[in-house]
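Presented below is the structure to which this report refers.
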Amino acid sequence: MAPDQPDRERRDGAAGQSCRPPRFYGRRKGKPLRQGKQELIQNLLPDLAIPTPAAGETIDPIALFSPPPSEVWLEVGFGAGEHTAAQASANPHVGLIASEVFLNGLGGLLKHIAALELANIRIYPEDVRKLLPSLPDACLGRAFVLFPDPWPKKRHAVRRFIGQGNLDQLSRLLAPGKELRVASDHPIYIEWAQEQMAMRDDFKPVLTTNLRPSDWPPSRYEQKALEKGVSCTYMAWARV
Ligand SMILES: C[S@@+](CC[C@H](N)C(=O)[O-])C[C@H]1O[C@@H](n2cnc3c(N)ncnc32)[C@H](O)[C@@H]1O
């Protein structure tokens, strides 16, 4: 741990395990939203949004969906939502909890939901670290963290989503045998994620490849990396 990190940031790195809500370091807003996305945020998001839980509240993830899904999956930081929408469409029996803080990204996923008439996505439009503690043990059948912000500077490493505090939560939430999928195009992040995962005996590696598996739809950041000629690494670990 770099000695110059402020105490607040050091605590937040442990999945916001301090009493204060975790601090989010990414962007919340980009370009002004087009009217269509603005309308979806006003009119559709309230029907799909999971409210921030009160302290100590437990959320039953199955009860968020109708009809009840056979499994619930979680996607952290869905960006513009291409992967989320494709997974939801290909797996209609699954309920997907998708979390994103970036307003323009929320509009992107809502557009896909409306166009494909997807009924099996619920959105947490906030920092997912505020939601995770409220979900019950072993409630997830899969979790995705795709192209997370790399925070490549060493002194910002504690901001990276893959870290021991968040992994403790994902370990608690994933049912035995179920997968955590991570992808990145950033060599520092790939190495970091592998080191973080290697520290744990509650996950075992099941996949590392530069070829995206067929049941793993593309995402916006992956497309951007491939267009620049940067290769991507797709990794998965199973909860032991
Ligand atoms: C580099 S983008 C990748 C987006 C998408 N997964 C893709 O592959 O195109 C990472 C996204 O994660 C979101 N994010 C980062 N930390 C988050 C958190 N704690 N909760 C929810 N979203 C988060 C950011 O807002 C950002 O949009």
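Proximity of backbone amide H atoms, modeled 1.01 Å from N, is registered between LEU207 and ALA236 at under 5 Å, excluding neighbours fewer than 5 places apart on the same chain.
Taking amide H as placed 1.01 Å from N in the peptide plane, the amide H of ARG142 sits under 5 Å from that of LEU74, each at least 5 places away or on another chain.
Only protein atoms count toward the accessible area here, which uses a 1.4 Å probe; on the chain, the carbon and sulfur part of that area reaches 53 percent. Taking every DSSP helix (H) stretch of at least 4 residues in the chain, weighting each as -39,500 (n - 2.57) and dividing the sum by the residue count yields a mean residue ellipticity at 222 nm of -8500 deg cm²/dmol. Measuring r between the beta carbons of LEU211 and ALA238 and using R0 = 30 Å, the FRET efficiency lands at 0.95. Label-to-label distance, ASP202 versus THR52, with points set 7 angstrom from Cα along the beta-carbon direction: 2.5 nm. Summing +1 for each Lys or Arg and -1 for each Asp or Glu among the other residues whose beta-carbon sits under 12 angstrom from that of TYR221 gives -2.
Within the same chain, lysines fewer than 8 places from LYS204 are excluded, and of the rest, those with a Cα less than 19 Å from its Cα are LYS178.
Count Lys and Arg as plus one, Asp and Glu as minus one, and take only other residues whose Cβ is under 14 Å from that of LEU131; the net charge is then -2. In a shell of Cβ-Cβ distance under 14 Å around LEU174, excluding LEU174 itself, what net charge do Lys and Arg (+1) and Asp and Glu (-1) give? Local charge sum for LEU174: +1.
Straight-distance candidates among the lysines for linking to LYS31, with alpha-carbon spacing under 20 Å and chain neighbours fewer than 8 residues away dropped: LYS111, LYS224.
Projecting the alpha carbon convex hull of the chain along each direction and taking the average yields 12.9 nm². Region 18-95 and region 168-239 have Cα centres spaced 20 Å apart. Compared with the alpha-carbon gap, the fully stretched path from SER70 to ALA138 is longer by 23.1 nm at 0.36 nm per residue. Per-residue packing, averaged as other Cβ atoms within 10 Å, sorts the ranges 98-109, 192-203 into the order 98-109, 192-203, beginning with the highest. Per residue, the chain exposes 50 Å² of solvent-accessible protein surface, assessed with a 1.4 angstrom probe and all protein chains in place.
Compute the label zone of GLU39 within region 87-125: residues whose backbone N is under 19 Å from the point 7 Å along Cα-to-Cβ. Residues passing the 19 Å test: 104-118.
The values are calculated or read from the model by the stated rules, or taken from the named source; none is laboratory data. As the structure is a prediction and not an experimental result, all values here were calculated from the model. So basically every Cβ, Gly included, is an ideal-geometry build from the backbone, and we count neighbours across all protein chains shown. Heads up: the accessible areas ignore ligands, DNA and RNA and are worked out on the full protein's heavy atoms, side chains in. Shrake-Rupley method; radii C 1.70, N 1.55, O 1.52, S 1.80 Å.
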